[in-house]
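Colleague: Sharing a structure here in structure tokens format.
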Amino acid sequence: MDSHQLWRAIMRHIVYEQFGEADVLKLVESDQPTPSANQVCVRVAGAGLNPIDWKTRKGLGFAAQQIKDRLPWTPGYDLAGTVIEVGDDVTTLSAGDRVMGMIGFPGAGGGYADYALAREDELIIVPEEMDLVSAGGLPLAALTAWQGLFEMAGLKPEDKVLIHAGAGGVGHLAIQFAKARGAHVIATASASNADFLATLGADEVIDYTCDDFVDACYGLDVVLDLVGGETGHRSLHTLAEHGVLVTIPTVTADPIITAAENMGLRAHGMTVRPDVFHLEEIAELIEDGDVRLHVDETFPLAHAVAAHQKLEAGHVRGKLVLDCQAR
């Protein structure tokens, strides 16, 4: 075996053997994976960090139930990188393609790695305008925002929409999607993020630290609740008679939906799913300059513990991304 083959044969990836705090994340080495017939092997440039990652790591939520008997497990549900090997049945991708996608959801994961396997139908070509490391932070957050606004809520032009946590990973994309669709966008954020949200197109920004959004909002067509809990419950009072609330955190969704029903209102929970057709539409908006992904910070793969600690602490502007090729 020559030195190039030897280098290719070993990869670094993050695993955890048990649920717990961020320090359960370990950097280990394994053989580079081989794609099955409908898979490709991607040399990962960037892997997105998402709230579901730390919640699952702690054993919380539905994804943790999926993986509890599969530990040790490599997290990471979205990535961008370069195809290096394709399975026998793959027809739409070739070695050298720059790709991104939401992969391995919810049971397989695998994004926090030098190399990862993905199904052909999970990936799209990355727009030339996007840096590959940054692109790793797009798929899951963007699909959450897109499906929440357009599939679940049915957002239309001229609708008034309230987006909670507007400066976060999902929120800052949701603002841009809603504006691109022609909606009137109100967002909650801290005062320090008001200017950032204005650059994204928010028509109104409510400082949740000192202003009550219930007093400021009424007759809304849509609320995209990215906070859950009491915020979701109180948001029901801002809806118009035929308005709809979509709440993303699964742990508090059921009580909010029940409260809505008791008030004669509509509320839905949702779980994001991979969808390359939605992702293609999002990529077109990026290519056209109508949407941009804001990456707050990148971390080398080996610093996944620090990345998770920042992720779990909250108040991230935009996205956090692992740079999986940085040493």
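The values are calculated or read from the model by the stated rules, or taken from the named source; none is laboratory data. Here the structure is a predicted model, which is why all the values come from computation and not from measurement. Using ideal geometry, Cβ is built from the backbone for each residue, glycine included, and neighbour counts are taken over all protein chains shown.
Colleague: Within region 217-271, can you find the residues that are in contact (Cβ under 8 Å) with a residue 60 or more places away in the chain and acidic (Asp, Glu)?
Modeller: Of everything in region 217-271, those that are in contact (Cβ under 8 Å) with a residue 60 or more places away in the chain and acidic (Asp, Glu) turn out to be Asp221, Asp225.
Colleague: Here is a follow-up. If you check Asp212, Asp221, which single one turns out to be surrounded by 20 or more Cβ atoms within 10 Å (Cβ to Cβ), under 24 Å from Gly269 (Cα atoms) and not assigned by TED's automatic domain parsing to the domain that holds Val316? Talk me through it step by step, then tell me what you get.
Modeller: Working: Asp212 fails: surrounded by 20 or more Cβ atoms within 10 Å (Cβ to Cβ).
Unique residue meeting the criteria: Asp221.
Colleague: Of all residues in region 257-282, which are farther than 23 Å from Ile52 by Cα and among the small types (Gly, Ala, Ser)?
Modeller: Ala259, Ala260, Gly264, listed by residue number.
Colleague: Mind checking whether some residue in region 59-71 is in the same structural domain as Arg317 (by TED's automatic domain parsing), over 21 Å from the mean Cα position of the chain (by Cα) and either within 30 Å of Met130 (Cα to Cα) or free of Cβ contacts under 8 Å to residues at least 40 places away in the same chain (or both)? Write out each step before concluding.
Modeller: Initial filter on region 59-71 (in the same structural domain as Arg317 (by TED's automatic domain parsing)): 59-71.
From what's left, over 21 Å from the mean Cα position of the chain (by Cα): 68-71.
Next, only the ones that are either within 30 Å of Met130 (Cα to Cα) or free of Cβ contacts under 8 Å to residues at least 40 places away in the same chain (or both) stay: 69-70.
Within region 59-71 (the criterion being in the same structural domain as Arg317 (by TED's automatic domain parsing), over 21 Å from the mean Cα position of the chain (by Cα) and either within 30 Å of Met130 (Cα to Cα) or free of Cβ contacts under 8 Å to residues at least 40 places away in the same chain (or both)), the answer is yes, since at least one residue qualifies.
Colleague: Determine, yes or no, whether Leu173 is closer than 21 Å to Pro139 by Cβ and touching a helix residue (DSSP H, G or I) at 6+ places or on another chain (Cβ under 8 Å).
Modeller: In short, yes.
Colleague: Then there is this: Residues that are touching a helix residue (DSSP H, G or I) at 6+ places or on another chain (Cβ under 9 Å), within 16 Å of Val272 (Cα to Cα) and not charged (D, E, K, R): list the helices (runs of 4 or more DSSP H) wholly contained in region 30-142 that include at least 2 such residues.
Modeller: Working: elements: 51-57, 61-67, 132-135.
Filter on region 30-142 gives 51-57, 61-67.
Colleague: Check Glu284, Glu297 and return the single one that is out of contact with any Phe, Trp or Tyr (no Cβ under 9 Å at 6 or more places or on another chain), assigned by TED's automatic domain parsing to the domain that holds Ala118, at pLDDT 95 or above and surrounded by fewer than 20 Cβ atoms within 10 Å (Cβ to Cβ). Don't jump to the end; show me each part of the working.
Modeller: Working: Glu284 fails: assigned by TED's automatic domain parsing to the domain that holds Ala118.
None of the others qualify; the one that does is Glu297.
Colleague: May I pose another question? Just to be sure before I move on: is Asn50 over 23 Å from Ala302 (Cα atoms), out of contact with any Cys (no Cβ under 7 Å at 6 or more places or on another chain) and either surrounded by fewer than 17 Cβ atoms within 10 Å (Cβ to Cβ) or touching a residue at least 24 places away in the same chain (Cβ under 8 Å) (or both) in the structure I sent? Break it down stepwise before answering.
Modeller: Details: over 23 Å from Ala302 (Cα atoms): no; out of contact with any Cys (no Cβ under 7 Å at 6 or more places or on another chain): yes; either surrounded by fewer than 17 Cβ atoms within 10 Å (Cβ to Cβ) or touching a residue at least 24 places away in the same chain (Cβ under 8 Å) (or both): yes.
It is false that Asn50 is over 23 Å from Ala302 (Cα atoms), out of contact with any Cys (no Cβ under 7 Å at 6 or more places or on another chain) and either surrounded by fewer than 17 Cβ atoms within 10 Å (Cβ to Cβ) or touching a residue at least 24 places away in the same chain (Cβ under 8 Å) (or both).
Colleague: May I pose another question? Taking region 220-274 on its own, how many of its residues are under 19 Å from the mean Cα position of the chain (by Cα), of a type outside the set (Val, Ile, Thr) and part of a helix (DSSP H, G or I)?
Modeller: The number of residues fulfilling the criteria is 1.
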